[in-house]
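Novice: Please find one structure pasted underneath; my questions will follow.
The values are calculated or read from the model by the stated rules, or taken from the named source; none is laboratory data. Keep in mind it's a predicted model, so treat the numbers as computed, not measured. Here Cβ is always computed from backbone atoms with ideal geometry, including for glycine, and neighbour counts include all displayed protein chains. Just the protein is used for accessible areas: all its heavy atoms, side chains included, with ligands, DNA and RNA removed. Shrake-Rupley method; radii C 1.70, N 1.55, O 1.52, S 1.80 Å.
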Amino acid sequence: MKTADAIIIGGGIAGHSLAATLGQSIKTVVLEMEKTVGYHATGRSAAIYIKNYGNRVLRALNARSEPFLQHPGPDVGDTVLSPRGELLIASEDELSVLETYFNDSDGLERLTPAEVQELVPILKIDDVCAAVFEPRAQDIDVDRLMQGFGKQARANGVHILTDHPVTSIFRDGHSWVITTRHETFSTPIIINAAGAWGDHVAGMAKVLPLGLQPMRRSAVMMAVPPQMDCMAWPLFGTVSEQWYAKPTGGKLMISPADEDPIDAQDAYPDDMTLAEGLWRFEQATTVPMSRPSNAWAGLRTFLPDRTPAVGFDPSADGFFWLVGQGGYGVQTCPAMAELAASIILGQTPHLASDVVSALSPKRFR
């Protein structure tokens, strides 16, 4: 039986970022069920930093994460961010949604319909009643970020084990015993960073679930006419999330912004959902629809209040939750990892106490 001070279940961006942070202080192991890390939500993310995305708690995590993403250090590089911008448009029946978003924001600019069309020439402006632009929204190089976290973790002695699905968890005195397909481990601290499988992991440990719900989010890649250079365009979409599009590799990644509740699984897109989303995109633009080059889907997993959970479960000694990141996991991972490590190591968190309390899993007990 192998031992560790802490074992992280889940090798996505949450598990990797925490391993890089925690490994500096205690002996840490990461167990990933897939043959590659970041296979599910992390590897299928739209990968953009939007400071105003999410509720009050998430915006605090966004703000805390931004300095790290700007200057992550030598293991990652100078920065993982690059300019993009985010444009949100509103029709008449979406004006109240836009006003709420604008009033709670920091650094948003109002645009006229003419300015909207200047930013994204293919948008029809007849139905655009209002628009806001976030110039500081930036693309995130997720692959480089993951590799950097992995490099830092391994340099600190962390073992990142792929193809290690957990088959059983039980309590033995003051320790947890975790069995995988290949090995058995003993640890005083389990960190549940299993994403969509978080409640399943808790169930194996006989810990009450928190109510995690995986949601499918689909996307396609579509070519634009050869005379168009879309790479300078921002991410753009409707403020009520009926669809959005992002320039990627000279093409447009288009998503119907779907949130279909499904079980934890290797997600695939639903043809009807994609068709409806592409129709909404087509109605809002002048670009002729071409056959998508590929389509995919990923999982965004939310808790009932759409706020992540970070902290020890009050009903199970040594069982730590790091779940419920929804669509915010990549851009909040530096702050989430910092907070998780501080709680595990008994240090004072850098975030405000009300934010720490709002993230605690105790709110579900």
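Novice: Scan segment 337-365 residue by residue and report those that are more than 15 Å from LEU22 (Cβ to Cβ), part of a helix (DSSP H, G or I) and of a type outside the set (S, T, N, Q).
Specialist: Taking segment 337-365 as the starting set, the residues that turn out to be more than 15 Å from LEU22 (Cβ to Cβ) are 348, 350-365.
Still in the list and also part of a helix (DSSP H, G or I): 353-359, 361-364.
ASP354, VAL355, VAL356, ALA358, LEU359, PRO361, LYS362, ARG363, PHE364, listed by residue number.
Novice: Moving on. Please tell me if LEU235 is open to solvent by less than 30 Å² (accessible area, probe 1.4 Å) and closer than 16 Å to GLY326 by Cα.
Specialist: On the way: open to solvent by less than 30 Å² (accessible area, probe 1.4 Å): yes; closer than 16 Å to GLY326 by Cα: no.
Against the criterion (open to solvent by less than 30 Å² (accessible area, probe 1.4 Å) and closer than 16 Å to GLY326 by Cα), LEU235 does not qualify.
Novice: Follow-up question, since we're still on this one. How about segment 324-357: which of its residues are of a type outside the set (Ser, Thr, Tyr) and over 14 Å from LEU61 (Cα atoms)?
Specialist: Start the filter on segment 324-357 by keeping residues that are of a type outside the set (Ser, Thr, Tyr), which leaves 324-327, 329-331, 333-341, 343-347, 349-352, 354-356.
Within segment 324-357, ALA341, ILE343, ILE344, LEU345, GLY346, GLN347 meet the criteria.
Novice: Tally up the residues in segment 145-160 that are surrounded by fewer than 16 Cβ atoms within 10 Å (Cβ to Cβ) and either small (Gly, Ala, Ser) or in contact with a strand residue (DSSP E or B) (Cβ under 6 Å, 6 or more places away or on another chain) (or both), please.
Specialist: Final tally of qualifying residues: 2.
Novice: Here's something else I'd like to know. Counting just the residues of segment 29-58 that are surrounded by fewer than 20 Cβ atoms within 10 Å (Cβ to Cβ), more than 23 Å from LEU98 (Cα to Cα) and charged (D, E, K, R), which one comes out modelled with the lowest pLDDT?
Specialist: Among those residues, the one meeting the criterion is ARG44.
Novice: If I filter segment 69-81 down to residues being in contact with a strand residue (DSSP E or B) (Cβ under 7 Å, 6 or more places away or on another chain) and not in a strand (DSSP E or B), which single residue comes out as surrounded by the fewest Cβ atoms within 10 Å (Cβ to Cβ)? So that I can check it myself, show each step before the final result.
Specialist: Residues of segment 69-81 that are in contact with a strand residue (DSSP E or B) (Cβ under 7 Å, 6 or more places away or on another chain), as a first pass: 69-70, 80-81.
Applying the additional criterion that residues be not in a strand (DSSP E or B) yields 69-70, 80.
Details: LEU69: 22, GLN70: 13, VAL80: 24.
Looking at residues that are in contact with a strand residue (DSSP E or B) (Cβ under 7 Å, 6 or more places away or on another chain) and not in a strand (DSSP E or B), I get GLN70.
Novice: Restricting to segment 82-96, what's the tally of residues that are free of Cβ contacts under 8 Å to residues at least 60 places away in the same chain and either in contact with a His (Cβ under 8 Å, 6 or more places away or on another chain) or open to solvent by less than 20 Å² (accessible area, probe 1.4 Å) (or both)? Before you say what the answer is, go through the steps one by one.
Specialist: Within segment 82-96, the first condition is being free of Cβ contacts under 8 Å to residues at least 60 places away in the same chain, and the residues that meet it are 82-83, 92-93, 95-96.
Those left that are additionally either in contact with a His (Cβ under 8 Å, 6 or more places away or on another chain) or open to solvent by less than 20 Å² (accessible area, probe 1.4 Å) (or both): none.
Number satisfying all stated conditions: 0.
Novice: Which of the residues belonging to segment 97-116 are closer than 19 Å to GLN242 by Cα and either hydrophobic (A, V, I, L, M, F, W, C) or open to solvent by 70 Å² or more (accessible area, probe 1.4 Å) (or both)?
Specialist: VAL97, LEU98, THR100, PHE102, VAL116
Novice: If you go through segment 307-365, how many residues are open to solvent by less than 30 Å² (accessible area, probe 1.4 Å), touching a Phe, Trp or Tyr at 6+ places or on another chain (Cβ under 8 Å) and under 21 Å from TRP176 (Cα atoms)?
Specialist: Residues meeting the conditions: 11.
Novice: Condition check: surrounded by 14 or more Cβ atoms within 10 Å (Cβ to Cβ), part of a loop (DSSP other than H, G, I, E, B) and touching a Leu at 6+ places or on another chain (Cβ under 9 Å). Does HIS164 satisfy that? Walk me through how you get there before you give the answer.
Specialist: Working: surrounded by 14 or more Cβ atoms within 10 Å (Cβ to Cβ): yes; part of a loop (DSSP other than H, G, I, E, B): yes; touching a Leu at 6+ places or on another chain (Cβ under 9 Å): yes.
Criteria met by HIS164.
Novice: Moving on. In segment 1-28, how many are crowded, with 24+ Cβ neighbours inside 10 Å, in a strand (DSSP E or B) and out of contact with any Asp or Glu (no Cβ under 7 Å at 6 or more places or on another chain)?
Specialist: So the count comes out to 4.
Novice: Moving on. Might you check whether a residue that is hydrophobic (A, V, I, L, M, F, W, C) and part of a loop (DSSP other than H, G, I, E, B) occurs anywhere in segment 51-68?
Specialist: Within segment 51-68, none of the residues are hydrophobic (A, V, I, L, M, F, W, C) and part of a loop (DSSP other than H, G, I, E, B).
Novice: Sticking with this structure for a sec: Hey, can you tell me all the residues within segment 172-183 that are surrounded by fewer than 16 Cβ atoms within 10 Å (Cβ to Cβ) and either more than 30 Å from the chain's Cα centre (by Cα) or of a type in the set (Lys, Arg) (or both)?
Specialist: Hits for segment 172-183 are ASP172, GLY173, HIS174, ARG181.
Novice: May I pose another question? List the residue pairs whose Cβ atoms are under 6 Å apart, where the first residue sits in segment 100-125 and is at positive phi, the second is in a loop (DSSP other than H, G, I, E, B), and the two are 6 or more positions apart or on different chains.
Specialist: What qualifies is GLY107/ARG136.
So that you can scan it fast, the table gives a plain yes or no per residue for (1) part of a helix (DSSP H, G or I); (2) of a type in the set (A, V, I, L, M, F, W, C); (3) within 30 Å of SER255 (Cα to Cα); (4) out of contact with any helix residue (DSSP H, G or I) (no Cβ under 7 Å at 6 or more places or on another chain):
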{"position": "ARG280", "(1), (2), (3), (4)": "yes, no, yes, yes"}
{"position": "GLY298", "(1), (2), (3), (4)": "no, no, yes, no"}
{"position": "PRO314", "(1), (2), (3), (4)": "no, no, no, no"}
{"position": "THR332", "(1), (2), (3), (4)": "yes, no, yes, no"}
{"position": "ALA335", "(1), (2), (3), (4)": "yes, yes, yes, no"}
